[in-house]
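One structure below.
The values are calculated or read from the model by the stated rules, or taken from the named source; none is laboratory data. Source: prediction; values computed, not measured. For neighbour counting, all protein chains shown are included, and Cβ atoms are generated from backbone atoms with ideal geometry for every residue, glycine included.
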Amino acid sequence: MTIERKLISSGSPYEPIIGFSRAVRVGGIIAVGGTAPIDDEGKTVGVGDPAAQTKRCFEIIEKALKEAGASLENVIRTRTFLTDISHWEASGRAHGEIFGSIRPVSTMVQVTGFINPEWLVEIEADAVIGDGGDDWQNAWAPSGNDIKKR
């Protein structure tokens, strides 16, 4: 069985240089990479405001999930990276506004910094769609020969 691999682009000029995608879907598994709080022109949203930056990250994540055929309701894990752990509550409350009833597993950690010093937060998310059938099992451990790019 061949599992389709779908690459979701954010349009960032760095994607081909660094070799990454905003998100990747393999079978019913969707992984969204580290998402920074930037607008469509690449400017930081919510400078100095961790809650606003968290919300912006989730707007970007939601867009990638939709393109992959999922929604925020399909998220099973989030990872929040903060440059200052004292921002945990503001970022956590913004997370709770979105995921209060969905309640994915979540990790929040402090890091030393990001590419842009205005960024206070970056977020990753993983989602699962489908009924858990064959695509589900094969998406967790496909052989290299079973994956085709789209």
Task: In region 111-125, residue nearest to Ala36 (Cα to Cα) [restricted to those that are touching a helix residue (DSSP H, G or I) at 6+ places or on another chain (Cβ under 8 Å) and part of a strand (DSSP E or B)] - done: Glu122
TODO: Return the pairs, sorted by first residue and then second, in which the second residue is outside any strand (DSSP E or B) and β-branched (Val, Ile, Thr), the first residue lies in region 110-130 and is closer than 29 Å to Glu73 by Cβ, the beta carbons are less than 6 Å apart, and the residues are 6+ apart or on different chains.
DONE: Gln110/Ile85; Leu120/Thr83; Val121/Thr54; Ala125/Ile61
Task: Residue list for region 78-113, filter: buried (at least 16 other Cβ atoms within 10 Å of the Cβ) and out of contact with any strand residue (DSSP E or B) (no Cβ under 6 Å at 6 or more places or on another chain) - done: Thr83, His87, Ala90, Gly92, Ala94, His95, Ile98, Phe99
- [ ] Go through region 24-57 and give me each residue that's touching a Gly at 6+ places or on another chain (Cβ under 8 Å), crowded, with 23+ Cβ neighbours inside 10 Å and assigned to a helix (DSSP H, G or I).
- [x] Gln53
Open item on the list: I need the full set of residues from region 58-97 which are under 22 Å from Val24 (Cα atoms) and in a loop (DSSP other than H, G, I, E, B), in order please.
Closed with: Ala68, Gly69, Ala70, Ser71
Open item on the list: Being touching an Asp or Glu at 6+ places or on another chain (Cβ under 9 Å), of a type in the set (A, V, I, L, M, F, W, C) and surrounded by fewer than 17 Cβ atoms within 10 Å (Cβ to Cβ) is the requirement here; does Val75 meet it?
Closed with: no
Open item on the list: For region 7-23, which positions are surrounded by 17 or more Cβ atoms within 10 Å (Cβ to Cβ) and either touching a residue at least 40 places away in the same chain (Cβ under 8 Å) or among the aromatic types (Phe, Trp, Tyr) (or both)?
Closed with: Ile8, Ser10, Arg22, Ala23
TODO: Please work out if Thr80 is among the polar types (S, T, N, Q), under 11 Å from the mean Cα position of the chain (by Cα) and either modelled with pLDDT of 95 or more or under 19 Å from Glu15 (Cα atoms) (or both).
DONE: yes
Open item on the list: Let me confirm something: among Gly28, Gly92, which residue is touching a Phe, Trp or Tyr at 6+ places or on another chain (Cβ under 6 Å) and either free of Cβ contacts under 8 Å to residues at least 60 places away in the same chain or under 14 Å from Asp126 (Cα atoms) (or both)?
Closed with: Gly28
